[in-house]
Amino acid sequence: MFFDSLKKELELRNFSPKTIKIYLYYNQNLVDYWGKDPRSVNESDIKDYVNYLLNERAVSAATARLALNALKYYYVNIQKRRFNYLSGLHLPHRPQRLPVVLSKPEVVRLIGSVKNAKHKLILALMYSAGLRVGEVVKLKVEDLDLDSRILWVRQGKGRKDRQTMIPDKLIFVLNKLIKNKPVGQYLFTGQKPNAHLSTRSVEKVFSRALNSANIKKQATCHSLRHSFATHLLEAGTDIRYIQELLGHRRLETTQIYTKVYSNNLSRIKSPFDL
């Protein structure tokens, strides 16, 4: 296979399976588009291919940028080719959108609207520990240190382990959940006992809860993680600590929540008005 070397390098660099799949796809798609051996691909071929993605397939600038990064990695890092087009091209970034954040009362209503105990716990954990949907479904018994109130997220985004918090309110129900579960078992199993619950199942639970709670915001499961970070910031938590809890490599990623917080300042009264 032409791209075995690319796959091995990406795995060595701890790229996520999803990113590896995307990088392999666009490199394969390029040679399929031209019907060429990758060693004979030239700079003009890549330029025309990116234009094809933008103009004929009408992909977003973000998708075209992802394809370009995939091609850069293979032709510049692996093949050591000098392509001025790849080095100098910068596609426009889409305007940064503020994340959708639920208020504390909305979070309470959302979780309270769920009748199924397991589903209620999943949503509560996502909010209270700042978990991604792909992280909560993969939690195992050994990831919980209930005495220390610590939850381990193993190999989260970026293939990086991190610690986050377990709230006191969930200790009893988590103790009850893991009481008869052996080490190595998922907290939330799916239809098969040795498989974890699917992310799609959790997304459906969230969507139903959103409707039941009569919340009109365009929220997703990830909004619970956004809400976790924003509410900590509003409570005065240091942003670098929030960065660690979320597992962000760059502080700039976490700083988006300061913009959400700034938008909420209009609802805060001056002490002179109290």
For the chain, whose charge dipole is built from +1 on Lys and Arg Cβ atoms and -1 on Asp and Glu Cβ atoms, the candidate among LEU232, VAL100, GLY190 with its Cα farthest towards the positive end is GLY190
Mean Cβ-within-10 Å packing, highest first, puts peptides 109-119, 217-227, 31-41 in the order 217-227, 109-119, 31-41
Among LEU210, VAL59, GLN255 the positive-end extreme of the charge dipole of the chain (Cβ point charges):
LEU210
Among PHE172, PHE188, PHE206, rank each residue by its count of other Cβ atoms within 10 Å, from fewest to most, as a rough exposure measure.
PHE172, PHE188, PHE206
Ellipticity estimate at 222 nm from DSSP helix runs (n ≥ 4, -39,500 (n - 2.57)) divided over the chain, nearest 500
-14500 deg cm²/dmol
Taking amide H positions as placed 1.01 Å from N in the peptide plane, with prolines and chain starts having none, which residues 5 or more places from LEU187, or on another chain, fall under 5 Å of its amide H?
LEU139, LYS140, VAL141
Consider the candidate values (i) 64, 56, 33; (ii) 55, 46, 32; (iii) 58, 36, 31; state which one is Cα extents along the principal axes in Å computed from the structure displayed.
(i)
Would you order MET126, MET165 from fewest to most other beta-carbon atoms within 10 Å of each residue's own beta-carbon?
MET165, MET126
For the chain, with the dipole built from +1 on Lys and Arg beta-carbon atoms and -1 on Asp and Glu ones, taken about the Cα centre, which of VAL173, TYR75, VAL50 lies farthest toward the positive end?
VAL173
Cα-projected label distance for ASN84 with ASN180, points at 7 Å along beta-carbon direction, nm:
7.1
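Could you calculate the FRET efficiency of GLU252 with SER40 from 1/(1 + (r/R0)^6), where r is the beta carbon distance between them and R0 is 35 Å, rounded to 0.05?
Working: r = 40 Å, r/R0 = 1.13.
In this case the efficiency is close to 0.35.
Fewest first, what order do TYR186, TYR75 take by the number of other Cβ atoms within 10 Å? Walk me through the numbers before you get to the answer.
Details: TYR186 18, TYR75 22.
With the sparsest Cβ surroundings first, the list reads TYR186, TYR75.
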Modelled label-to-label distance, LYS259 and TYR241, 7 Å Cα→beta-carbon offset: nm?
2.6
Order these peptides, 12-22, 57-67, by their mean beta-carbon neighbour count within 10 angstrom, highest first.
57-67, 12-22
Report the per residue volume, in Å³, of the convex hull enclosing the C-alpha atoms of the stretch 104-265.
121
Could you give the distance between the Cα centres of the stretch 30-62 and the stretch 196-236, to the whole Å?
38
Computed magnitude of the charge dipole of the chain (debye, nearest 20; Cβ of K, R +1, Cβ of D, E -1):
500
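Multiplying the sequence separation of ALA195 and VAL59 by 0.36 nm and subtracting their Cα-Cα distance, what value in nm do you get?
45.5 nm is the gain from fully extending ALA195 to VAL59.
Bear in mind these aren't lab numbers, they're just calculated from the coordinates by the rules spelled out. Treat the numbers as computed from the prediction; the structure is a model and nothing was measured. Heads up, the Cβs are rebuilt from the backbone with ideal geometry, glycines too, and the neighbour counts pull from every protein chain shown.
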